[in-house]
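Presented below is the structure to which this report refers.
The values are calculated or read from the model by the stated rules, or taken from the named source; none is laboratory data. Since the model is a prediction, treat every value here as computed from it, not as a measurement. A quick note on method: Cβ atoms are made from the backbone with ideal geometry, for glycine too, and the neighbour counts reach across all protein chains shown. Quick note on the areas: whole protein, heavy atoms, side chains included, nothing else; ligands and nucleic acids left out. Shrake-Rupley method; radii C 1.70, N 1.55, O 1.52, S 1.80 Å.
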Amino acid sequence: MEITRLKLSGFRKFENKAFDFSPAYNVITGRNGSGKTSLFEAVYLLSTGKSFVTNHIQNCIRFGEEYAFLEGEFSGREGESVVRLLIGKNRKEVKFNGVKEKSFSKIIGKLPVIFMNHKLSLIVKGGPENRRTFLNHLLIFSDPMYYDLLLKYYSILYRRNALLKDMGDVQVIRVLTDSMIPVGALIQEKRESITEKLKALTSEMITEITGEKLNVRINYKKSDINRLSDSETFVLEQRRKRTLFGPHLDEIEIFINGAPAREFSSLGEAYSLAFAMRFAENKIISEVKNEPPIIILDDFFSDLDEFHRINILRLARSQQVLISSLSLSLIPQEISKVAKVIVL
């Protein structure tokens with residue numbers, strides 16, 4: 001998968017700008033505040049319908065403008081795709097290949113993008129929600145059923161939690177529970193299966209990145225959703241006013257050389273391990289879709305030495321990569337001499 005062209009109007013700092021990209025390495029350089037991250041945010045928005053900067057995409061509208069317009073032209077194994085997104089204060093319109101869509105749900109999963117920045121280590125060092133988000137991203141782009149399952153599960157969860165909080169109708173809560181359990185169980189089954197693949201590939205990737213043979217173990221620890229059918233659980237839920245079991249509370253345990261990585265890994269080890277997990281994800285998606293995702297690396301050089309930088313960039317040598325950097329001097333020479341350079 002590649003993005004070939006990007007058009008932005010009224011988006012962040014971009015009043016009216018177009019970018020063309022190489023199918024290989026692309027280096028976006030410029031001063032702090034020049035729009036490097038915003039450019040990547042636009043690509044991610046066109047892939048997922050979400051921003052990695054804000055929960056409210058209306059915040060992406062350029063100051064003083066009524067609307068932001070984004071258009072991305074993508075090229076993949078199945079041909080050309082064009083995504084157009086119009087964002088207004090109280091309006092959002094999406095078009096995919098000229099057809100207006102009610103939401104991004106028809107697009108999500110079709111245009112895989114893997115984004116990495118300075119927050120990457122949170123996959124290892126952060127709370128369980130970071131690892132659940134990681135698994136969700138992997139499965140959304142590698143399993144066509146998964147996104148719909150996730151939407152259905154969270155829709156029921158929000159309704160169930162609202163009723164528990166307001167001491168709502170017990171019979172309605174039980175009906176929701178009966179609907180929720182099989183959906184949640186299927187989500188957990190898919191998560192468990194993909195974790196087995198992830199475990200083996202992460203061990204392979206960590207060696208490619210660090211040059212060392214490290215013992216990496218990844219365990220999927222599910223919150224048993226079947227316990228929601230227990231009467232004792234329901235009494236406890238009424239007291240705490242929330243759903244106490246299910247995929248929204250799953251954990252993914254990561255160990256390095258036998259020690260829990262969240263507590264005992266250094267920041268450098270956490271970054272290397274998180275990169276290894278992302279590139280394991282990259283390999284899984286590539287095999288499922290028979291083409292690699294777009295890789296976005298947003299100013300990750302400051303936290304890695306040159307040895308690790310070049311090893312990471314070599315892992316992505318057969319696909320499109322978008323890299324941002326304050327200076328071209330930070331880019332390994334073997335990459336910078338073949339990359340397309342975009343100066344903002």
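Send over the semi-axes of region 1-92's equivalent ellipsoid, whole angstrom and largest first, taken as the square roots of 5 times the C-alpha gyration tensor eigenvalues. Intermediate values should be presented prior to the final figure.
Values: eigenvalues 91, 53, 25 Å².
The equivalent ellipsoid of region 1-92 has semi-axes of 21, 16, 11 Å.
If the chain between ALA185 and ASN226 were fully stretched, how many nm would it gain, using 0.36 nm times the residue separation less the Cα-Cα distance?
Details: separation 41, 0.36 × 41 = 14.76 nm, distance 0.79 nm.
Full-extension gain reported as 14.0 nm.
Set Lys and Arg Cβ to +1 and Asp and Glu Cβ to -1, take the dipole of the chain about its Cα centre, and tell me which of SER229, PRO293, LEU328 lies farthest positive.
SER229
Counting other C-beta atoms within 10 Å, and keeping those with at most 12, which DSSP coil GluC sites (Glu not before Pro) do you find in region 1-82?
Sparse-neighbourhood loop GluC sites (Glu not before Pro): GLU66, GLU78.
Which cross-chain or sequence-distant (5 or more) residues have an amide H under 5 Å from the amide H of ILE108, H modelled 1.01 Å from N in plane?
Distant-sequence amide H within range of ILE108: zero hits.
Would you kindly calculate the translational diffusion coefficient of region 1-155, applying Stokes-Einstein with the Kirkwood radius from alpha carbon pairs, for 4 °C and a viscosity of 1.567 mPa s, and quote it in µm² s⁻¹ without decimals?
78 µm²/s
Using a 1.4 angstrom probe on the protein heavy atoms only, line up ARG262, ARG160, ARG132, ARG77 by accessible area, largest first.
ARG77, ARG262, ARG132, ARG160
At 1.4 Å probe size, with the rest of the protein present, what percent of the exposed accessible area of the chain is carbon and sulfur atoms? Walk me through the numbers before you get to the answer.
On the way: 7900 of 16420 Å².
Accessible surface attributable to carbon and sulfur in the chain totals 48 percent.
Quickly rank 145-157, 180-192 as a protection proxy: mean count of other C-beta atoms within 10 Å, highest first.
Descending packing order for the listed peptides: 180-192, 145-157.
Radius of gyration and Dmax for region 196-235's Cα atoms, expressed in Å?
My reading of the Cα-based Rg and Dmax gives 17.9, 53 Å.
If you take the alpha carbon radius of gyration of the chain and divide it by 2.2 N^0.38 Å, what ratio comes out, to two decimals?
1.06
Could you tell me how far the Cα centroid of region 195-264 sits from the Cα centroid of region 113-137, in Å?
13 Å
Take the Cα pairs of region 225-344, get the Kirkwood Rh, then feed it into Stokes-Einstein at 37 °C and 0.692 mPa s and tell me D in µm²/s.
In µm²/s, the coefficient rounds to 182.
Select from SER75, SER318, SER272 the residue whose mean-square fluctuation is largest in a Gaussian network model of the chain (Cα-Cα springs shorter than 10 Å).
SER318
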